[in-house]
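A.B. asks: Just dropping this structure here.
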Amino acid sequence: FVLSYTETLQLVYLYDDNILVDNLDPNVPLPQQFPKPKSLAIRNALFTTTPVNGFLLFAELLDEEMIDQGHLLLVFGLYGILPSLPDPYAANIG
């Protein structure tokens with residue numbers, strides 16, 4: 001966590017790259033179960049992923065408690081990709 005604060009510009013940088021490990025139960029021996037897959041779809045593919053495992057936030061603050069504008073990058077573990085092509089194309093996944 002980094003906070004840069006001047007009279008003209010207030011910025012915040014926040015990064016965490018091991019959210020899933022942070023949420024493991026320390027009283028249960030490893031290996032624990034993998035997280036349940038989540039599905040994300042875009043125009044030409046279906047992704048099977050873990051829940052969010054990391055994030056990176058760059059933002060400009062409006063005041064001490066509110067973000068004015070910024071960028072948020074999310075990190076997922078990837079289990080699989082299923083391509084999907086629009087007609088008249090076909091995907092051969094066999």
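A.B. asks: Amide H to amide H, which residues 5 or more places from ASP16 or on other chains are under 5 Å from it, using H placed in the peptide plane?
C.D. replies: Close amide H contacts, sequence-distant or interchain: PHE55.
A.B. asks: For Rg/Rh (Cα atoms, Kirkwood Rh), which listed value, [x] 0.97; [y] 1.35; [z] 1.15, comes from the coordinates shown?
C.D. replies: Only one listed value fits the structure, namely [z].
A.B. asks: Based on other C-beta atoms within 10 Å, arrange VAL12, VAL21 from fewest to most. Don't skip to the end; give the middle numbers.
C.D. replies: Values: VAL12 16, VAL21 8.
Listing VAL12, VAL21 from fewest to most nearby Cβ atoms yields VAL21, VAL12.
A.B. asks: What residues qualify as long-range amide H neighbours of SER84, i.e. H under 5 Å apart, gap of 5 or more or another chain, H built at 1.01 Å from N?
C.D. replies: ALA45, LEU46
Just so you know, all these numbers are worked out from the coordinates, no wet-lab data involved. Quick caveat, the model's predicted, so the values are computed rather than measured. With ideal geometry, Cβ positions are generated from the backbone for all residues, glycine too; neighbour counts draw on all protein chains shown.
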